[in-house]
Amino acid sequence: MSDAQGNTDQNPFRDGDSDVAKLVPRGLRIGAALSWRFLVVIAALYVVLWLVGYLSVVVIPVSIALLLAALLAPAVAQLVKAKVPKGLAAAIVLIAGLAVLGGLLTFVVVQFTDGLPELQRQLNQSLLQIKDWLINGPIQLGQDQFQGFVDKAIAFLQDNQAALTDSALTTASTVGEVLTGFVLTLFVLIFFLSGGDGIWTFLMRGIPAHVRPRVDVAGRRGFASLVSYVRATAIVAVVDAVGIGIGLAIVGVPLVIPLATLVFLGAFIPIIGAVITGGVAVLVALVTNNFITALIVLAIVIGVMQLESHVLQPLLLGRAVKLHPLAVVLAITAGLVAAGIAGALLAVPLLAVLNAGIRSLLHEVDPVPSEVDVLHDQAAQPNADEDDKGKDGKENGSP
């Protein structure tokens, strides 16, 4: 059929020369474009995570060495300012750190060994009280029933002796891997402390020249954020350990020093770590003392956690590490699922570095790498932060 001008109407569904893409609705085209790009990103992340897991024997020691370098770098810098050669300064700080760690571990082992007989005595007494409550308390469990329960537990252990033996062998293998990782961590840490600047400069040679200064500054600000995070976390861990340790000593819970050390180590996993280790202290108080003592210890743990979350974290971290508590919890959970305890330990530092680095890439104005002091808290902030703020103190374009 033709119109007055002689043009012929064509059916796009029958015309083989028509562009089929024009027949696809615009919303569907946009959705498809977003979908395949999303799948490519997910696939790339999966490959990266798989490589990290496959090389975890190397990745985890190097990551822990980087955390320790962020913790010890200020001490090395102070010695360098005092005209000590950088290599010697790194050796002094590392040896001093190992001495402190060895002394602390020795002290904890000695305290645990000395307190073990008292712990066994209180544990046996608590077990007798539990037995008496089960038999003579509201449950009225008969002596024969109680003995049958004990016999079943013993039979279960005997039936699963092979599995327990395999677990012990696996644990021994894990101990060997930990020792190997510890040696590798020390080896890498020596080079990070003595020649970290040179290593970073070498890595920057692989970045295109026109974006090298911006990437260099972003990396430096990311490391500055890591220094601030590790420093603040160490102080918070000390306060948590001392506060809970004093509380345990006052109420008479055994193994105060080992439990306080456990709290100190757990505090390096924000929010979750201190809660879990504090829960262990409450459980020990319940088993070795009584229910009232456990409630008192629980109140002490909650009080210390409130002090940490409302005073220490905001005061010490300040503006250097801008991480929302929800982001911290999600990062720890994802790290725990992906890589266990090591993932939970490294998730938040990685998030802090990425946060500072990305903000620097987006907001940095005229970056000059030599002007970034990575050992200063405010070095994690892009130099455009103050310029982008309006008279009301908010960033331009922000709500």
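Counting the residues of the range 185-212 that are in contact with an Asp or Glu (Cβ under 9 Å, 6 or more places away or on another chain) and closer than 24 Å to A77 by Cα gives 3. Could you check the range 201-214 and list, in sequence order, the residues that are open to solvent by 40 Å² or more (accessible area, probe 1.4 Å) and in contact with a helix residue (DSSP H, G or I) (Cβ under 7 Å, 6 or more places away or on another chain)? If the condition is that a residue be open to solvent by 40 Å² or more (accessible area, probe 1.4 Å) and in contact with a helix residue (DSSP H, G or I) (Cβ under 7 Å, 6 or more places away or on another chain), then I207, R212, P213, R214 are the ones that fit. Can you tell me which residue is farthest from S63 (Cα to Cα) among those in the range 179-232 that are small (G, A, S) and not in a helix (DSSP H, G or I)? Applying the filter and picking the extreme gives A209. Looking only at residues of the range 265-279 that are part of a helix (DSSP H, G or I) and touching a residue at least 60 places away in the same chain (Cβ under 8 Å), we find that the one that is most open to solvent (accessible area, probe 1.4 Å) is I272.
Against the conditions (1) modelled with pLDDT of 75 or more; (2) open to solvent by less than 60 Å² (accessible area, probe 1.4 Å), V150 satisfies every one except (1). You will find that of F38, F112, the residue that is of a type in the set (F, W, Y), modelled with pLDDT of 90 or more and over 22 Å from the mean Cα position of the chain (by Cα) is F38 and no other. The lone criterion from (1) touching a residue at least 24 places away in the same chain (Cβ under 8 Å); (2) open to solvent by less than 90 Å² (accessible area, probe 1.4 Å) left unmet by F107 is number (2).
Of all residues in the range 246-264, those satisfying the criterion of being assigned to a helix (DSSP H, G or I) and open to solvent by less than 10 Å² (accessible area, probe 1.4 Å) are G247, L248, V263.
Each residue in the range 36-94 was checked for being surrounded by 11 or more Cβ atoms within 10 Å (Cβ to Cβ) and either hydroxyl-bearing (S, T, Y) or in contact with a Leu (Cβ under 7 Å, 6 or more places away or on another chain) (or both), and 17 pass. Among residues of the range 369-378 being open to solvent by 80 Å² or more (accessible area, probe 1.4 Å), within 22 Å of T201 (Cβ to Cβ) and not acidic (D, E), the one that is modelled with the highest pLDDT is S370. Inside the range 343-370, residues that are touching a Lys or Arg at 6+ places or on another chain (Cβ under 7 Å) and of a type in the set (S, T, N, Q) make up a count of 2.
The values are calculated or read from the model by the stated rules, or taken from the named source; none is laboratory data. All values reported here derive from a predicted model rather than from experimental measurement. Counting neighbours? That spans all protein chains shown, and the Cβs are built from the backbone with ideal geometry, glycine included. Side chains included, ligands, DNA and RNA excluded: accessible areas come from the protein's heavy atoms. Shrake-Rupley method; radii C 1.70, N 1.55, O 1.52, S 1.80 Å.
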